[in-house]
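J.: Below is the structure I would like to discuss, written out as structure tokens.
Every read-out reported here was derived from the displayed coordinates using simple, explicitly stated rules and does not represent laboratory data. Since we're looking at a predicted model, the values are computed, not measured. With ideal geometry, Cβ positions are generated from the backbone for all residues, glycine too; neighbour counts draw on all protein chains shown.
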Amino acid sequence: MPSLKSGLMSLSTCALLLLQLVATEARIPLNPQHVKLRARSQAAPAVAKRQGTTFPVHTFTQPLDHFVDTGFTFEQRYWLNDRHYKPGGPVIVFEAGEGPGDERMPILDTGIVDILANATNGLGIVLEHRYYGESVPVQNFTTDSLRWLNNEQAAADSANFIDNVTFPTIPGDLTAPGTAWIYYGGSYGGARAAHMRGLYPHLVFGAISSSGVVHATLDDWRYFDIIRQYAPAHCIAQVEKTIFEVDRLITSPSAKTRKAIKAVFGLQNLTYDPDFASLLSDPLSAWQDNNWDPAVGSTAFAQFCDALGPPDHATVHTEQGITVSNATFNYAKYIKSQYVASCTPPQTQDECFGTITAKDFYLQTDLSQTWRLWSFQVCTQWGFFMAYPPGHFFKVPAEPNITAVNSLGGYNIAYDRLAIIDGQWDPWRGDTPHSPDPAAHPRPDTIIRPFKLIFQGVHHYDENGLADHSKEPPQIRAIHEQEVEFVKAWLKDFKPPCKP
Ligand SMILES: *[C@@H]1O[C@H](CO)[C@@H](O)[C@H](O)[C@H]1NC(C)=O
Ligand SMILES: *[C@@H]1O[C@H](CO)[C@@H](O)[C@H](O)[C@H]1NC(C)=O
Ligand SMILES: *[C@@H]1O[C@H](CO)[C@@H](O)[C@H](O)[C@H]1NC(C)=O
Ligand SMILES: *[C@@H]1O[C@H](CO)[C@@H](O)[C@H](O)[C@H]1NC(C)=O
Ligand SMILES: *[C@@H]1O[C@H](CO)[C@@H](O)[C@H](O)[C@H]1NC(C)=O
Ligand SMILES: *[C@@H]1O[C@H](CO)[C@@H](O)[C@H](O)[C@H]1NC(C)=O
């Protein structure tokens, strides 16, 4: 029986889809239709992005396929911050992950890349991931054209870059292993950073995996469980009350009741109950958009909680003829105003919110359908999603094959000079053992071995920084300082190989 809870489950199987990009509004939601909706009605007022310095873009030629010679190549974009660089310094490369690299400039300018480069006389780089931004090797995003979008090709791109790049503005050979390369990534990029350290240890001297999703999973119930544990208790009480009530009513033997509860949410025209449940779970995904810096994060989750109000024992007799708790009534009002209201004729509710009915939308394959990219990765290697009819050369498996990802270590991934950084409240944190006291972090001189640091934060909270670091919250300054300390400690061990 579809229910809100099973909807939450099926959403959580897709929760990897919600992997956030640095720019909040660029988060890829479960239903691409929501992208359109969000563009029109941002739940949170879009906070003005700070204008950072601009960095010139450079490109590096990559083969379309690293393992079979197709004769085709593409240009991979990257950006350099050389303001701190001194010969002999390391290269700090930021993996841009599942989004356009140019959106990562603040990290190069005032975030972790600049902080580490400043501390080590290093060269900062943002490296765009194949298929994202303008590093696009294909003419369209059909299933066949997406067959070179996978972890193995992406890892080989980075290895080739580190092994062979020459920088137009910097003399000398800065490739590995002659220069120490430190690979940093957050979220999917965090998993990539950890994997790069394991797969190419001779090229990647050290890596920092921030909120890295190193464990691929088909049913990621942990995502919502972390929100349940760490979001404000009064808000979660209201959410749980609504889930139990909607579950009960949507599975009622009475067709009239089942219809009525959807109508209370203004969704009487949404044909399929899983689409209904999926939409109701969407406000929860705003939790990961929290950031300590209001210019980076969104306040949508707090607004959602405000709308649910404090727990009470009140009930409301609805015009649909059923009695619901005040919690459900308030939740319904929020869904109506933030989602349903922006779905207007000629669009039907199935067109706006249906994943099952909006087939035509999912079959679009031109280069503007960038939602296809991360979804494809989820469907093939990371977690469940269906929008890819079989091609001639490639067929998306019925279930993603998560074996390859998890064979690299999963939750237990550990290498020398691989730092795992996790926010205690991050829904992507997965199986991280119970959080140690954030004040009890290991001292820098004891953390040269593989280690995990957990600090008070949500999703890759350590990535961004302020131009004036002294204005950052104490726990952010502390994690930045720790990263500086352990990277410096790593670099003390660096010995370039003798030239033959
Ligand atoms: C750069 O590092 C120096 C110390 O090495 C520090 O005083 C300064 O605040 C840092 N600047 C930035 C922008 O991080
Ligand atoms: C997609 O691109 C490939 C290769 O450029 C081409 O052969 C194919 O016809 C295109 N398909 C669509 C649907 O545009
Ligand atoms: C670097 O380039 C050489 C020459 O094209 C190639 O053989 C090698 O595989 C590249 N390195 C990596 C790690 O791809
Ligand atoms: C629901 O569908 C009916 C019949 O097609 C239509 O008259 C009505 O406007 C729709 N309501 C909403 C809220 O979409
Ligand atoms: C129901 O919740 C709303 C929003 O918090 C609140 O304003 C209202 O007073 C509540 N109703 C009752 C009867 O408690
Ligand atoms: C999944 O991937 C692993 C490792 O790449 C491979 O050995 C296995 O055969 C694959 N399984 C299926 C069902 O394709």
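J.: Could you give me the percent of Cα pairs per 5 Å distance bin for the range 293-338, shortest bin first, beginning at zero and ending with the bin that holds the maximum distance?
T.: So the P(r) values, bin by bin, are 5, 20, 24, 19, 14, 8, 5, 3, 2.
J.: Under the √(5λ) rule applied to the eigenvalues of the Cα gyration tensor, what semi-axes describe the equivalent ellipsoid of the range 252-343? Give them in Å, descending.
T.: One finds semi-axes of 27, 16, 10 Å for the range 252-343.
J.: Okay, moving on. So how many Å³ per residue does the convex hull of the Cα atoms of the range 248-306 work out to? Don't skip to the answer; put the middle values down first.
T.: Working: hull volume 6.0 nm³, N = 59.
So the per-residue Cα hull volume is 102 Å³.
J.: Suppose R0 equals 45 Å. What FRET efficiency, 1/(1 + (r/R0)^6) with r the Cβ-Cβ distance, do D65 and D312 give to the nearest 0.05?
T.: Efficiency, from the Cβ-Cβ distance: 0.15.
J.: At L367 and D225, where each label point lies 7 Å from the Cα along Cα→Cβ, what is the point-to-point distance in nanometres?
T.: 4.4 nm
J.: Cα atoms only, the range 202-291: Rg and Dmax in Å?
T.: Rg, Dmax (Cα atoms, Å): 18.3, 65.
J.: In what sequence do W490, W428 fall when counting other Cβ within 10 Å, fewest first?
T.: On the way: W490 22, W428 30.
Fewest-to-most ranking of W490, W428: W490, W428.
J.: How much length would be gained if the chain were fully extended between F393 and C498, taking 0.36 nm per residue of separation minus their Cα-Cα distance, in nm to one decimal?
T.: Working: separation 105, 0.36 × 105 = 37.80 nm, distance 4.52 nm.
So the extension gain works out to 33.3 nm.
J.: What do you get when you divide the Cα radius of gyration of the range 128-201 by 2.2 N^0.38 Å, with N the number of residues?
T.: Details: Rg = 13.9 Å, N = 74, 2.2 N^0.38 = 11.3 Å.
Rg over 2.2 N^0.38 Å, computed on Cα atoms: 1.23.
J.: Here's another thing I want to ask about it. Test of understanding: ordering Y78, Y183 by Cβ neighbours within 10 Å, fewest first, what list do you get? Before the final figure, lay out each step's value.
T.: Working: Y78 21, Y183 29.
So the ranking, lowest neighbour count to highest, is Y78, Y183.
J.: Hey, with R₀ at 60 Å, roughly what FRET efficiency would T166 and K359 work out to, going by the Cβ-Cβ distance, to 0.05? Walk me through the intermediate numbers first.
T.: On the way: r = 47 Å, r/R0 = 0.79.
Efficiency for this residue pair is about 0.80.
J.: Here is a further query. Answer rounded, prolate or oblate for the range 44-200, using the Cα gyration tensor with square roots of eigenvalues a ≥ b ≥ c: rounded when a/c is under 1.5, else prolate when a/b is larger than b/c, else oblate.
T.: On the way: a/c = 1.75, a/b = 1.21, b/c = 1.44.
Cα axes put the range 44-200 in the oblate bin.
J.: Using 13 Å as the cut-off for backbone N distance, which residues of the range 102-120 belong to the label zone defined by a point 7 Å from the Cα of V57 along Cα→Cβ?
T.: Answer for the range 102-120: 102-105.
J.: OK, next. From the phi of every residue in the range 73-88, what ³J(HN,Hα) in whole Hz does the Karplus formula 6.51 cos²θ - 1.76 cosθ + 1.60 yield, where θ is phi - 60° and glycine or proline is x?
T.: 10, 8, 9, 9, 7, 8, 10, 10, 10, 10, 5, 9, 5, 10, x, x
J.: Another question, then. Express the Stokes-Einstein translational diffusion coefficient of the range 195-348 in µm² s⁻¹, to the nearest whole number, given a Kirkwood radius over alpha-carbon pairs, 20 °C and a viscosity of 1.002 mPa s. All intermediate terms of the calculation are to be shown ahead of the outcome.
T.: Details: Rh = 17.9 Å.
It diffuses with D of about 120 µm²/s by this estimate.
J.: For each of T251, T142, T380, T169, count neighbouring Cβ atoms within 10 Å of the residue's Cβ, then give the residues from fewest to most. Please list the in-between numbers first.
T.: Details: T251 17, T142 20, T380 25, T169 10.
Exposure proxy ranking, most exposed first: T169, T251, T142, T380.
J.: Follow-up question, since we're still on this one. Between H469 and Q268, what is the label-to-label distance in nm when each label sits 7 Å out along the Cα-to-Cβ direction?
T.: Those two pseudo-labels are separated by 6.0 nm.
J.: State the Kirkwood hydrodynamic radius of the range 97-144 in Å, one decimal place, computed from all pairs of distinct Cα atoms. Mind showing how you got there, number by number?
T.: Values: mean 1/r = 0.0822 Å⁻¹.
About 12.2 Å, per the Kirkwood formula over Cα pairs.
J.: Which of the pairs K86/K488; K262/K333; K262/K359; K241/K262; K262/K336; K86/K492 have their Cα atoms more than 18 Å apart in this structure? Each step should come with its number before you reach the end.
T.: Numbers: K86/K488 15 Å; K262/K333 12 Å; K262/K359 22 Å; K241/K262 16 Å; K262/K336 11 Å; K86/K492 16 Å.
Table pairs above 18 Å Cα-Cα are K262/K359.
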